[in-house]
Each structure stands twice: as C-alpha cells, then as structure tokens.
There are 2 protein chains.
Amino acid sequence: MSRISDTSGKICGVPIPPARAGRPRDCEIDTAILETTRRHLAAHGVSGLSIAAIADEAGSTRQALYRRWPDKLSLAVAAVADLAETTPPVVTGEPLRDLIAELTHFRECIVDASSLALAGVMLQEDVDPEFRRVYRERLVKPRRSRVVACLERGIALGLLPGDADVAIASTFVTGSWYAMAVAGTKPPKDWADRTAHLVWRACGGKG
Amino acid sequence: MSRISDTSGKICGVPIPPARAGRPRDCEIDTAILETTRRHLAAHGVSGLSIAAIADEAGSTRQALYRRWPDKLSLAVAAVADLAETTPPVVTGEPLRDLIAELTHFRECIVDASSLALAGVMLQEDVDPEFRRVYRERLVKPRRSRVVACLERGIALGLLPGDADVAIASTFVTGSWYAMAVAGTKPPKDWADRTAHLVWRACGGKG
DNA sequence: CCTTTCCGATACAACTATGTATTGAAACAA
DNA sequence: TTGTTTCAATACATAGTTGTATCGGAAAGG
C-alpha cells in the first residue's frame, strides 16, 4: 500500500481536495506525528509537549510538522480530534447487558489509547477551551449519551423506576475508573460486570 | 503575630529544631511559595512548573526557594505534603448521614484547594512515583477509608446486606465528581445528597 | 562585637525550545 | 520539461529555564 495519495478515496482520513501540483504529502508522517503527540500528551501534559521531541520521535523533522500545524496547540487539538471513535458496542435491547458491554468497551478504549491520562490533562486549569471542547465532544459525550440511553431504556421497559436518578448514576460508570486510577487501585477483572450491576441497582433495578 | 520563629511552638508547622545561629527563616515565604506552587500545579501540571515564575509570584526570589528545596520535584512534593488535611466530619453513627457529610466535605475541599486539577496531574504517566505516593497517602487514602467505613458500618448495623460490593461502590463517591469535571457538567447543588443515596442503594440499602 | 544565616538583587553559563530560513533532492501535475 | 510542493538536514536568532554564585544589608545568637 502506498503511503502517497491515490486519486480516489481519502488521504489521512480526510477527503481529497482537488489535486494540487507538487509532491504529495506523506500521510504516514501525519499519523506518526499525531500518535507520538498523544503519547507525549499522556506522559507530560500540554506544557510538557516538545515539538522537537515529537518530530524526532516520530521519525520526521520539525519542518514537516510546522508545515501541517502552526503551533503546539493546533497539534494537540488535531491529535485528540484524530482519536478515532472506535465502533460502539451493538445495542441488544437488553439494557443491563448493553450497559455491561459499554463498560467493557470503555475499559478497552481507555487502556490502549492512554486516554485516561488525557482525561487528566483536561482537568488542568490552563488547558485551552477549544482543546477541551474537542476532547469532550469526541470522546466524552458519545459514551455518556450511550450510557444514559441504556438506563433510560431500562425505564422505558419498566425495569427501572421512572424517577431513577440517571443524571448522577451515569457519572458512576466512568467515574469509578477515574477514582481507581487516582487512588492507584487496579480495577479487578470483573470491574465492568460489577460496576454495571451496582449502577443498575443504584437506579432501583433488581440486577 | 510574628513571621519569625519564637522559641516555643512551631515554625511553619514543623517542630522547632535546636535553635541555630543566624537570621531565622521567614516562614511566610514558605507558605507563599507552597501555595503558589499548588496553584501552578493545578494550572500547568508538573512540566509546566517554572521555579522563576513561582518565586516571583510568591513575592520572593529564586534563591530563597533554592535554599529550601533543591529542585522542582522536591518543591512539588512539599507543596502536596503541605496540603493540610482539613478536619473530617464527625461520625454520628448513622452511616447514611455520615456518608452525606463526607461527600459535602469532599465537595468543599475539592473546590477551594484546586485539588481536582491535582488529581488530573496524578494521571499523567511521567509523574514521579514518590510524588504520586505522597498525594495518595495524604489526600486520597484517608477519605477513601472513611467512605468505606461508612458503608461497612451500614453492614454492621444490618442496614446493608453483608455481600454489598463496597470496594466498587466506594469508588463512585469521588468518581462521580471526577466524571462530571471531565465531562464539563456542573455538579448540582444537591450532588452530595443524591450521590450518597445512590451509592447507598447500589449497596442494597433502602435510602 | 563577632559570627552565622537569611533576604533581595543581580549576574552568568549551560541548556532547551521556538519559529523561521535555506539547500538539494524527490515526487508529482500540466 | 517546467513549475510546484514535499522532505530531510542544517543553521540561526530569540527566548525561557536552570542551577550556581556573588554582594550588601538585615536579623538573629553567643
């Protein structure tokens, strides 16, 4: 597979603009830089980003990087925006089972994308609002609404009482993982199952 | 009140060593620097700390700072270790009420000490292990064990079933707050009350 | 009075990061 | 072929940070 653009399909996940003259960009450089940027973000946070170190570690040069993003912030935003939302688990119609699937999915995502540390970055007070917004829009909001949907389906099916406190209970799902990470507790293997059942019961269900 | 040591009591919260010759240290400088360091930590994280900026903002100089802490890391550790654990709420013997009090206390602590951002810092992967350890030992562990104690007292009193999943449920307490912070949701005024009741019910109680 | 330590101010060398620029070669369009 | 853009490598000025050092003066103990 060529690392260079072909005339159909996409380059770097983006629709191809009308072909322009000159040597095409190597899209492997894009991905390598964005990946490295995410690693550095997770390790050192925003202020710890070093353009030079990223370009170097990505096997490229600062010039190739500056050609794509004007500054550190744009790079960070791009790195987060590029985080592909992996395909969410399918909805079976059985809310509790879906909830468990959702937590299992969350667990998988959070470990290999190092997005846990990214969440930590977002708690820093000097983080750029636009950066935070992209993160929330791309990564936090979709999952949150799926979790809420599970619980509301439970209500609709009569499995949960109508006055269940979904707004608070839904924060328990990811919150449990954050709390363990902060405390240094290693989540148990059956974390998804136990947490889902607890949340379900918190809402008044008999799981 | 003098900012200089007297011959009894404490300096800067530390027992006085056998009086040594020379001009005594100004302990207001200690507190100003530690306070400023915490603010900077919350804002920029560890890699964003600037000794010069901290000394400056604290109204002192780098020399006064270097005289006290050899490097950036020691300063950060000291700043966290200095975070006074405010007196925890009194135990009434009524577990659910105590749990609510604990959450209310947590809420108060987390807002004015900017310790929420500190939690975010701890999620960074390059954070020094000793730094993380001090944070957990000082701030995370005490609260966590108090929350667990509330729930276990509930079990002992027969208000909660003996097989309640306290280990997971206890992570919901602070986790809920973290999740809201990451999501950008402003916790409601009755957050402590609602969360405590949900956790209680998750454990099988009829709150 | 003498010694010690602290304080504020200033200075300095070493290092790192940033942003821009240039050069020669490579890859492509027209 | 010509023109355009990219790429790797290198260079450079600017700025910020770090750690150490020095200096005069202030505040204490002996």
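The values are calculated or read from the model by the stated rules, or taken from the named source; none is laboratory data. Given the structure is predicted, the values throughout are model-derived calculations rather than measurements. Please note: Cβ atoms are built from the backbone with ideal geometry, for glycine as well, and neighbour counts cover all protein chains shown.
Which one of the conditions (1) within 10 Å of DNA strand D (Cβ to nearest atom); (2) within 22 Å of the chain's Cα centre (by Cα); (3) modelled with pLDDT under 95 does B:Glu85 fail to meet, given that it meets all the rest?
Among (1) within 10 Å of DNA strand D (Cβ to nearest atom); (2) within 22 Å of the chain's Cα centre (by Cα); (3) modelled with pLDDT under 95, the lone unmet condition for B:Glu85 is (1).
Out of B:Val121, B:Val91, B:Val148, B:Val140, report the one residue that is under 12 Å from the mean Cα position of the chain (by Cα) and either under 30 Å from A:His44 (Cβ atoms) or not charged (D, E, K, R) (or both).
Sole residue among the options that is under 12 Å from the mean Cα position of the chain (by Cα) and either under 30 Å from A:His44 (Cβ atoms) or not charged (D, E, K, R) (or both): B:Val140.
If a residue has to be in a helix (DSSP H, G or I) and within 8 Å of chain A (Cβ to nearest Cβ) to count, how many in the stretch B:171-196 make the cut?
16
Considering only the stretch A:39-90, give the helices (runs of 4 or more DSSP H) lying wholly within it that have at least 3 residues that are more than 9 Å from DNA strand C (Cβ to nearest atom), under 17 Å from A:Leu123 (Cα atoms) and free of Cβ contacts under 8 Å to residues at least 60 places away in the same chain.
A:72-81
For the stretch A:197-207, which positions are outside any helix (DSSP H, G or I), modelled with pLDDT of 95 or more and surrounded by fewer than 24 Cβ atoms within 10 Å (Cβ to Cβ)?
Matches in the stretch A:197-207: A:Gly204, A:Gly205.
If you scan the stretch B:101-114, which residues turn out to be more than 10 Å from chain A (Cβ to nearest Cβ) and under 14 Å from the mean Cα position of the chain (by Cα)?
B:Glu102, B:Leu103, B:His105, B:Phe106, B:Arg107, B:Glu108, B:Cys109, B:Ile110, B:Val111, B:Asp112, B:Ala113
Looking only at the stretch A:20-35, count every residue that is farther than 14 Å from A:Gln63 by Cβ, near DNA strand D (Cβ under 6 Å from one of its atoms) and of a type in the set (A, V, I, L, M, F, W, C) and tell me the total.
Number of matching residues: 1.
Of the conditions (1) within 12 Å of chain B (Cβ to nearest Cβ); (2) under 30 Å from B:Asp112 (Cα atoms), A:Pro142 clears all except one; give me its number.
Only one criterion is unmet by A:Pro142, namely (2).
Could you grab me the full set of residues in the stretch B:160-170 that are more than 7 Å from every other protein chain (Cβ to nearest Cβ) and outside any helix (DSSP H, G or I)?
B:Leu160, B:Pro161, B:Gly162, B:Asp163, B:Ala164
Only one of A:Val173, A:Val90, A:Val77, A:Val166 is of a type in the set (Val, Ile, Thr), modelled with pLDDT under 95 and more than 16 Å from DNA strand D (Cβ to nearest atom). Can you tell me which?
Going through A:Val173, A:Val90, A:Val77, A:Val166 in turn, just one is of a type in the set (Val, Ile, Thr), modelled with pLDDT under 95 and more than 16 Å from DNA strand D (Cβ to nearest atom): A:Val90.
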